[in-house]
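A short write-up of the structure that comes next.
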Amino acid sequence: MSAIKVKKSEAERAKRELKRLGLYDGRRRPQVEGDFVFLPVLNDPMLRELGYDVVPVELPMRPERQIYKNLESVLAERLTPGELQHLRRYDVVGDIAVIQIPPELEHRVDDIVWGLRRVHPFIRVVAKKGFHEGAFRIREYSIIWGEKRLTTVHKENGVELRVDLSKAFFNPRMKGERYRLAQLVKDGERILIPFAGLLPYALVIARYKNVKITAVELNEEAYRLGLENVELNRKRLRGEIEFIHGDVFEVLPELPYYDRVISPTPRGVDALALTLSKAKKCLHYYNFVHESRIAEFKNCIINECRRTGRECTVRVKKVSDFKPHVFKVCADVSIL
Ligand code: SAH
């Protein structure tokens, strides 16, 4: 197997170039000898053309788990290219891998489990994902491999979240959104979070900012998990969280005004007027909108704001694809 011999001072630059050209062999480790480093490379005549000193050196293999792999490339060993096209995105929540299996791949479930376990050796459960059901947005899952549980602890943005996929909504893909909001929030703010679930938004924000948060959730199981999560993260939190068990449409009218309201609105629920009425400065309103109706959605918010005698600016950001042409969006509303 090949390696190239470079001066120590050149090694970092060479490694970057080799990676960029796809010639670096990440399965083996580099080795230092005196003032030189041997970098593992793939066998390619281009290396000599680039002026590298290619030598036959045995470099040690990295342990399997350190080698970067993705599910598609791993499964290419077992699935046909046609089958691979049907492979969907998957999520890892704590030690549970969650994947949607389309009918075209039903007969390949065992291979998919094998692939997931190779890419994520630490997973203990593989669950097949159905659709969100009912007002509490709980998904249907069936366990296709491993321990018979849908509970786990998921780490995200510096907090630990106890999750029970069979009892409460949780979406790990919103990690970036939670981080974005935590950056926007300023110390000292009072924040309202309706539809709070098991408190992922509240905890991530309170982890980074010294704020007072009031969160509201109706699903008793999500509420119970949320309370546990506050305890679990107690030592890490800079802010405070008050958690109310109840219906947003009954609880909010009784609450005061807040500097910022964050509404991870469930699909099909219209809480715009209510959440806007509680916001003094900012509202982040999540909604599912067809791309051809984004401007309409924006105008609707501006008009609703005017109805209460206020002006606002609205920026609508696409957060994720929901289905073709329909996006989950977040309207960032600044009230003037
Ligand atoms: N913010 C959480 C949950 C979003 S899903 C997260 O991102 O993980 C929407 C949540 O709203 C669910 O947990 C559901 O149980 C809750 N919910 C639905 N209708 C509600 C209502 N009328 N009052 C309070 N909570 C409600």
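The values are calculated or read from the model by the stated rules, or taken from the named source; none is laboratory data. Just so it is clear, the structure is predicted and the values come from calculations on it, not from any experiment. Counting neighbours? That spans all protein chains shown, and the Cβs are built from the backbone with ideal geometry, glycine included. What goes into the accessible areas is simple: the full protein's heavy atoms, side chains included, and nothing from ligands, DNA or RNA. Shrake-Rupley method; radii C 1.70, N 1.55, O 1.52, S 1.80 Å.
What the table shows:
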| read-out | value |
| --- | --- |
| Charge dipole magnitude, Cβ of K and R +1, D and E -1 - the chain, Cα centre, debye nearest 20 | 800 |
| Counted charge near E254, where neighbours are those whose Cβ lies closer than 12 Å (Asp, Glu -1; Lys, Arg +1) | -1 |
| Segment E49-E133, length gained on full extension (0.36 nm per residue, minus Cα span) | 24.3 nm |
| Shape category assigned to the range 2-61 from the gyration tensor of Cα positions, a/c cut at 1.5 | rounded |
| Charge sum, other residues only, whose C-beta stays under 14 Å from G188's C-beta, Lys/Arg counted +1 and Asp/Glu -1 | +4 |
| Cα gyration tensor, the range 45-188 - rounded (a/c under 1.5), prolate or oblate | oblate |
| Stretchable slack from K235 to E72, in nm (0.36 nm times residue separation minus alpha-carbon distance) | 54.7 nm |
| Calculated FRET value between D91 and R180, using beta carbons and R₀ = 25 Å, to 0.05 | 0.85 |
| Accessible-area value, D44, 1.4 Å probe, nucleic acids and ligands omitted, Å² | 60 |
| Probe 1.4 Å - accessible area at V37, Å² to nearest ten | 10 |
| Residue-wise HN-Hα coupling along the range 99-104, computed from phi with Karplus coefficients 6.51, -1.76, 1.60 (Hz; x: Gly, Pro) | 9, 8, 10, x, x, 4 |
| Candidate aspartates and glutamates - alpha carbon under 17 Å from K128, same-chain residues fewer than 8 apart omitted | D91, D95, E104, E106, D110, D111, E140, E147, D164 |
| Residue-level accessible surface for T265, protein heavy atoms, 1.4 Å, Å² | 10 |
| By accessible area with a 1.4 Å probe, ligands and nucleic acids excluded, highest first: order of E220, E291 | E220, E291 |
| GNM flexibility winner over the chain from E242, E296, E156 (Cα, springs under 10 Å) | E296 |
| Cα gyration tensor shape for the range 65-149, rounded if a/c is under 1.5, else prolate or oblate | oblate |
| Added length on full extension, which subtracts the Cα-Cα distance from 0.36 nm per residue, V57 to T80 | 4.7 nm |
| Charge dipole (the range 2-61, unit charges on Cβ, about Cα centre) - positive-most of Y52, G26, V6 | G26 |
| FRET efficiency, 1/(1 + (r/R0)^6) with R0 51 Å, evaluated for K19 and H245 via beta carbons | 0.50 |
| Per residue value of the accessible surface for the range 51-132 (all protein chains in place, 1.4 Å probe), Å² | 56 |
| Accessible surface of the range 2-61 [probe 1.4 Å, protein heavy atoms]: carbon and sulfur percent | 49 |
| Derived scalar couplings ³J(HN,Hα) [the range 235-252; Karplus, 6.51 cos²θ - 1.76 cosθ + 1.60; whole Hz; x for Gly, Pro] | 6, 8, 7, 8, x, 10, 10, 9, 10, 10, 8, x, 7, 3, 6, 9, 6, 4 |
| Straight-distance crosslink candidates among lysines, where the alpha carbon sits under 26 Å from K278 and sequence neighbours closer than 8 are dropped | K175, K186, K209, K212, K298, K317, K318, K328 |
